[in-house]
Each structure stands twice: as structure tokens, then as C-alpha cells.
Amino acid sequence: MIPQEPVLQLEMIPTDYVRVVWPMVVDRMKTLASEYGDGWIAEDVFVDLVAGGAYLWGTENLEGFVVLTILTAPWGKDLNVWIADNETLQRAAVYWEQLKQIARDNGCQRVVFESEREGFTKAIPSLEVRYRYFEIV
């Protein structure tokens, strides 16, 4: 029998503990902001996390983490994966079922995220894709 890697779980980092773990993720946040950011900087993320407007979930040693927000509209709520980073040996899709459960637990109808990379529909076949067109003015 071939031993399998244990499935990593994301744990919510309590708001009052963000300051303690921030040094473990800040450099990766800065890299993500410079490579993929849509105008945000790491300090924006920190402020949202400590103010409770965003939520940090991570693996035990924060090798993988996501920053989640809840988008609210009159017709419902979406769990938005604002930022994601994964330096574990497992594919990021391993967290998908847990993200769907986090959405359900928060009364959200969908999990949404944006990416410039293609291929997520191969990793998560149940995904539906909607194109977002924009022009920076």
C-alpha cells in the first residue's frame, strides 16, 4: 500500500492572532500584490484582517493560506477568495470542498475568485466560468 499525503486543512486565524502570524505571510503577500494585485498592497490586507473585513485561513504552518471576504448584495452573499497562496506539496484544489463548506457556514451561495491563469476548470471540474471584461481608464 502506497502511503498518501494527509489532506491539509485550512484553519481560521482569529482576528486577534493576525498580528502574531503576519510576519510568516507578509513577504508572500507583497510578492502576490506585485505579481497579481489589482492595486492592493500587503498593508491593505493587514488592515482588513485586523478590522474584521477579511479573514485569514491557513494550513498548520501557513504554507498554504487564503484571504477570504464576504461580498454582500441584495440578492445574496458570495465567499470571495481574494488572495490564495500554496507552497505545500498538494494542489490548491484540495481545499475546494473546505472552501465550499466555509461558504455554506457563512450563508453564502457561491465561492468566487478571479485568476489570470487558466486551468482551474481542469483541477475543479464543477467550476462555472464567467468572463469579466474591463479596461483600466
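What follows draws every value from the coordinates through simple rules; no lab data is involved. All of these numbers come straight from a predicted model, not from anything done at the bench. Ideal geometry is used to build each Cβ from the backbone, glycine not excepted, and the neighbour counts take in all protein chains shown.
Here the Kirkwood formula puts the hydrodynamic radius of the stretch 11-123 at 14.6 Å, using every distinct Cα pair.
When each of the peptides 28-40, 56-68, 73-85 is scored by how many other beta carbons lie within 10 Å of its residues on average, the order from highest to lowest is 56-68, 73-85, 28-40.
Looking at the square roots a ≥ b ≥ c of the eigenvalues of the Cα gyration tensor of the stretch 22-61, which shape do they give, rounded for a/c under 1.5, prolate if a/b is larger than b/c, or oblate? Numbers along the way, then the final one.
Values: a/c = 1.94, a/b = 1.16, b/c = 1.68.
Because a/c hits 1.5 or more and a/b fails to exceed b/c, the stretch 22-61 counts as oblate.
Any chance you could run the full-extension gain for residue 63 through residue 27? It's 0.36 nm times the residue separation minus the Cα-Cα distance, nm to one decimal. That works out to 11.7 nm of additional length.
Treating only the Cβ of Lys, Arg, Asp and Glu as charged (+1, +1, -1, -1), what charge dipole size does the stretch 11-123 show about its Cα centre? Round to the nearest 20 debye. Don't skip to the answer; put the middle values down first.
Working: 10 positive and 18 negative charges, 74 e Å.
About 360 debye.
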